[in-house]
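First comes the structure, then the notes that go with it.
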Amino acid sequence: MHRIVSLLPAATEIAAALGLMDQVVGVSHECDFPNEINERPRVTHCPVHNAGLTSREVDEWVRRSLRENGTIYTIDESLLRELRPDVILTQKLCDVCAVGYGTVSRLAESLPGPPRIVNLEPSSLSDIFDDIRRVAEVCGVPERADKLVAKLAQRVEKVRDRASHVAKCPRCFLMEWVDPPFCSGHWGPELVEIAGGHDPLGRKHQPSAQIEWKQVLEARPEIIILALCGYNVSRARRDYELLRQFPDFESLPAARHGEIYVVDASAYFARPGPRIVDSLEILAGTLHPEEFPEFAPRGPKDARIARLNRQAAQT
């Protein structure tokens, strides 16, 4: 048995999928799945979490905090010491996603043991599967990872195979932030590709990046999916109103034809855990609803994804 502290929502989901929830003794302030995780103490804090700031205000605060402090999070050191972890799950991938790796590493060195730090740093779908195996190996349950990854990979290949037969791959802009505009990176463009689309602005297996709105106009996406980092469907809808105000927005094919969607990126697209395969299936159902009717948006009650009505898109 290991005492696990997870500083990442994705890592928490990985631990849960591997049947390790009884060993998780502490989590980050953003961990919210599965529900039983809400019973665990929170060892991190972020001042802007659920603070109601606009996207521009969030972006400016993050940039300023990283410049001045090197991090946007605080960690409860005394609580972490009380929890006496054997394993800490964290990441180096993104300073905006979790407590900085250097901060965690320095603190861990001062703890009894010291605990083993497991760095999860995926940039692709296969990397995410490798992270599942890595967590399982450290926690002594490698066979569970083999079974879990096999099931996830099987679902991926089913989508890949069916999508390979579609007649047309639409231009799909997977947008990671609205104000300022960011394209998707890492596994995002890869998911679009497997689902039978093409993201002309995405940075496959590279960090997402701020782009000029002019680039979006030039790319002329036929479908726009707002997969806004950390946002659910309801919050993403509010940023769609910002997007509509961008110059010549109505000229985009996606806007003219009402092919604009908002997704729960907090639960899916921006969270590199087991539900990343759900993200792929959501994409497949959105890009090719005739080919993947079981994954297509299910209307107002669908918490995963919502299609913004055509009338609103043309207003």
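The values are calculated or read from the model by the stated rules, or taken from the named source; none is laboratory data. Just so it is clear, the structure is predicted and the values come from calculations on it, not from any experiment. Here the Cβ positions follow ideal geometry from the backbone for every residue, glycine too, while neighbour counts run over all protein chains shown. These area figures cover heavy atoms from the full protein model, side chains too; ligands, DNA and RNA do not enter into them. Shrake-Rupley method; radii C 1.70, N 1.55, O 1.52, S 1.80 Å.
Below, the figures for the structure above:
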{"quantity": "Hits in segment 237-254 (condition: in contact with a Lys or Arg (Cβ under 8 Å, 6 or more places away or on another chain) and part of a helix (DSSP H, G or I))", "calculated": "250, 253"}
{"quantity": "Identity of the residue in segment 113-159, among the small types (Gly, Ala, Ser), out of contact with any strand residue (DSSP E or B) (no Cβ under 8 Å at 6 or more places or on another chain) and surrounded by fewer than 18 Cβ atoms within 10 Å (Cβ to Cβ), that ends up modelled with the lowest pLDDT", "calculated": "113"}
{"quantity": "Which listed residue, of 105, 110, 164, is polar (S, T, N, Q) and surrounded by 14 or more Cβ atoms within 10 Å (Cβ to Cβ)", "calculated": "105"}
{"quantity": "Segment 195-236 - residue that is assigned to a helix (DSSP H, G or I) and open to solvent by less than 10 Å² (accessible area, probe 1.4 Å) and, of those, nearest to residue 278 (Cα to Cα)", "calculated": "236"}
{"quantity": "Top-ranked residue of segment 41-51 - restricted to ones that are in a loop (DSSP other than H, G, I, E, B) and open to solvent by 60 Å² or more (accessible area, probe 1.4 Å), ranked as modelled with the highest pLDDT", "calculated": "47"}
{"quantity": "In segment 14-39, residue farthest from residue 187 (Cα to Cα) [restricted to those that are open to solvent by less than 10 Å² (accessible area, probe 1.4 Å) and part of a helix (DSSP H, G or I)]", "calculated": "37"}
{"quantity": "Count of segment 281-297 residues which are assigned to a loop (DSSP other than H, G, I, E, B) and more than 12 Å from residue 261 (Cα to Cα)", "calculated": "8"}
{"quantity": "Output for segment 251-263, where each listed residue is open to solvent by less than 30 Å² (accessible area, probe 1.4 Å) and not aromatic (Phe, Trp, Tyr)", "calculated": "252, 253, 254, 255, 258, 260, 262, 263"}
{"quantity": "Residue 247 being closer than 27 Å to residue 33 by Cβ and open to solvent by 30 Å² or more (accessible area, probe 1.4 Å)", "calculated": "no"}
{"quantity": "Residue in segment 76-92 that is at pLDDT below 85 and among the aliphatic types (A, V, I, L, M) present", "calculated": "no"}
{"quantity": "Residue within segment 262-280 that is closer than 20 Å to residue 220 by Cα, modelled with pLDDT of 95 or more and outside any helix (DSSP H, G or I) present", "calculated": "yes"}
{"quantity": "Unmet criterion (only one of (1) out of contact with any strand residue (DSSP E or B) (no Cβ under 6 Å at 6 or more places or on another chain); (2) within 18 Å of residue 190 (Cα to Cα)) for residue 282", "calculated": "(1)"}
{"quantity": "Matching option when the condition is farther than 30 Å from residue 147 by Cα and at pLDDT 80 or above, among 109, 68", "calculated": "109"}
{"quantity": "Residues that are surrounded by fewer than 24 Cβ atoms within 10 Å (Cβ to Cβ) and part of a strand (DSSP E or B), drawn from segment 184-194", "calculated": "185"}
